[in-house]
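Comments concern the structure below.
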Amino acid sequence: MITLEPEEQIVKVMRRHWWVMVGPSFLVFFLLLVPSVIAVFMPLIAPQLQGIGNWQPIAQFAFSLYLLFLLEFAFAIWTNYYLDVWIITTERIIDIEQKGLFRRVISEFPINRVQNVSIEVRGVIETLLKFGDLTVETAGGHASFVIKEAPDLYRAKDLILHYSQQEHG
Amino acid sequence: MIVTLLSLGFLIFILVYLFFAGAIIYHLRAYTLPGWTMGKIGVVVFILFSILLFVFASYAFLQMYASGI
């Protein structure tokens, strides 16, 4: 995936904080409950269905297909989260962003171009769980580089500044 | 007729499922670094659950056929 230079070493790999997966997890859990709710309330809403043939195999088949769809949906969400990474090496910062299943953006810049590193923590949850955005500004008028919803911000900031200063000599 | 349609629908579902599952697994194998173990664990768990659910779906499908749908 990425090729390191002979002297280059990976010092930190960052992913978004686990909290960002809570919303999608609740969605999947809710979708998992929907068939159960339907099974419980359908006899009350449409009691005439009870007398129609043997519908249980059809319901089981539909339910199994639904679970397969949900499994793949959940796995795709998790993969999208897992493959969004920021890799800090001794020589560069690499941003790998998985946008959907068939789109991937990889950006990188040399760590010696770092001019400024700032941290922003917004909100109650972010403050309590200690995650936020890390912005890295580079020299030469290039756009700033933002690591969003990342944990362990202060350690990352210290590493980036340490290695950028090391490169400057 | 209904059985034919359901069989065709099931087959199409399997093909679409395998296509997307293959794409996800390919991404996890191609874009993870050697030390990232969660990707490998995720793939194994996904495949195991997929097989389990496909067996259940196939059993339910055969039950439909046997019950005269």
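What follows draws every value from the coordinates through simple rules; no lab data is involved. All figures in this text were calculated on a predicted structure; none of them were measured in a lab. Here the Cβ positions follow ideal geometry from the backbone for every residue, glycine too, while neighbour counts run over all protein chains shown.
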TODO: Please name whichever of A:V114, A:L67, A:I93 sits farthest to the positive end of the charge dipole of the protein assembly as shown, dipole taken about the Cα centre and charges placed at Cβ: Lys and Arg +1, Asp and Glu -1.
DONE: A:L67
Open item on the list: Give the residue list of trypsin sites (Lys or Arg not before Pro) in the stretch A:93-134 that are DSSP loop and have at most 13 other beta-carbon atoms within 10 angstrom.
Closed with: A:K99, A:R103, A:R122, A:K130
- [ ] Residues in the stretch A:65-98, backbone N under 19 Å from the label point at A:L33 (7 Å along the Cα-to-beta-carbon vector): list them, ranges by number please.
- [x] A:67, A:70-71, A:74
- [ ] Mind giving me the FRET efficiency for A:F69 and A:W18? R0 is 22 Å, r the Cβ-Cβ distance, nearest 0.05 is fine.
- [x] 0.35
- [ ] Please report how far the C-alpha centroid of the stretch B:5-65 lies from that of the stretch A:106-169, rounded to the nearest whole angstrom.
- [x] 38
Task: On Cα atoms only, tilt of A:56-82 relative to the major axis of chain A in degrees - done: 10
Open item on the list: Between helix A:153-168 and chain A, what is the angle of the helix's C-alpha long axis to the longest principal axis, kept within 0 to 90° and rounded to the nearest 10?
Closed with: 30
Open item on the list: Net charge within 15 Å of A:A150 by Cβ-Cβ distance, Lys/Arg positive one each and Asp/Glu negative one each, not counting A:A150 itself?
Closed with: -1
Open item on the list: With angles folded into 0 to 90 degrees, how steeply does helix B:37-66 sit against the dominant principal axis of chain B? Use alpha carbons for both and round to 10.
Closed with: 0
Open item on the list: Taking 0.36 nm per residue of sequence separation and subtracting the Cα-Cα distance, how much length would be gained by fully extending the chain between A:L101 and A:K130, in nm to one decimal?
Closed with: 7.5 nm
